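Taking it in order: structure first as structure tokens, then the write-up.
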Amino acid sequence: MADQILAGKTGVVFGVANKRSIAWAIAKAWAAAGAKLIFNYQGERLKENVEELVGEFGEGTPLWPCDVSKDEEISGFFEKVRGETGKLDLLLHSVAFAPKEALEGDFVSTTREAFRTAHDISAYSLVALAREAAPLMTECGSIVAMTYYGAEKVVPHYNVMGVAKASLEASTRYLAYDLGAKRIRV
């Protein structure tokens, strides 16, 4: 049996899409360490996949929709979280998206809309999720976001995602500065 170092802890997992998702591997590790988990899914297209995976944790594992590009959905999601638990210990942000055409060809061809979309979903969503999660992290907390080497070095065809991941990394530093005083690691 795995060490139960997260026994009594509750975490929210954003970004499970399928069994190969890094978010899914992290969720399984957190659960094996004793954490109770709450999941989101983004859109009806992914609901069935995520529902099937989350079923591994037993009937009643919370799973709610949340499009991280919509503040009202984030707010509604965390209202449900507050109905489920009075405190939160963990938040996983494993969310990224850029339009397919922005990942093809040259970076210089990136459209304003593709740039905006990639940054909104891949970077700003961390800020929006942290703002809702932080008040629930009353006994310390940890917020984890996923990045990639393409934030530091050019990776051909990663294009706008590399720039968005660099934005995510900078956002992480600023959130750590703001939330560290509240004993929340980012």
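The values are calculated or read from the model by the stated rules, or taken from the named source; none is laboratory data. Because the structure is predicted, anything quoted here is derived from the model rather than measured. Cβ atoms come from the backbone with ideal geometry, glycine included; neighbour counts cover every protein chain shown. The area values use the complete protein model at the heavy-atom level, side chains included, leaving out ligands, DNA and RNA. Shrake-Rupley method; radii C 1.70, N 1.55, O 1.52, S 1.80 Å.
Between THR111 and ALA32, the simple spin-label model (points 7 angstrom out along Cα→Cβ) gives 4.3 nm.
Under unit Cβ charges (Lys, Arg +1; Asp, Glu -1), what dipole magnitude, rounded to 20 debye, does segment 13-89 have relative to its Cα centre? Could the numbers behind the result be given before it?
Numbers: 10 positive and 13 negative charges, 61 e Å.
With Lys and Arg at +1 and Asp and Glu at -1, about 300 debye.
The value of relative contact order for the chain, using C-alpha pairs under 8 Å at least six residues apart, is 20 percent.
Between the C-alpha center of segment 2-79 and that of segment 115-163 there is a gap of 17 Å. The charge dipole of the chain, taken about the Cα centre with unit charges on the Cβ atoms of Lys, Arg (+1) and Asp, Glu (-1), comes to about 500 debye, rounded to the nearest 20. Axis of helix 22-32 versus longest Cα principal axis of the chain: the two differ by about 10°, to the nearest ten degrees. For the chain, carbon and sulfur atoms together expose 54% of the accessible surface, with a 1.4 angstrom probe and every protein chain in place.
Under a 1.4 Å probe, what is the accessible area of the chain per residue, stated in Å²?
Working: 10070 Å² over 186 residues.
Normalised by residue count, the accessible surface of the chain is 54 Å².
Most simply put, the chain has about 0% antiparallel DSSP beta bridges, counting only bridges with both residues inside it. The TYR177 and GLU48 beta-carbon pair, evaluated with R₀ = 45 Å, returns a calculated FRET efficiency of approximately 0.70.
For the pair LYS87 and TYR149, what calculated FRET efficiency results from E = 1/(1 + (r/R0)^6), where r is the Cβ-Cβ distance and R0 = 30 Å, to the nearest 0.05? List each step's numbers first, then the result.
Values: r = 35 Å, r/R0 = 1.15.
Computed FRET efficiency for TYR149 and LYS87 comes out at 0.30.
Computed FRET efficiency, Cβ-Cβ of ALA170 and LYS80, R0 35 Å: what is it to the nearest 0.05? Computed FRET efficiency for ALA170 and LYS80: 0.70. Packing, as the average of other Cβ atoms within 10 Å across residues, places the peptides 80-86, 160-166, 28-34 in the order 160-166, 28-34, 80-86, highest first. Note on the chain: dipole from Cβ charges, positive end direction compared against ALA33, SER69, LEU126; the farthest Cα belongs to ALA33.
How high is the relative contact order of segment 1-67, in percent, counting Cα pairs under 8 Å that sit 6 or more residues apart?
Details: 103 pairs, mean separation 22.9, N = 67.
So the answer I get is 34 percent.
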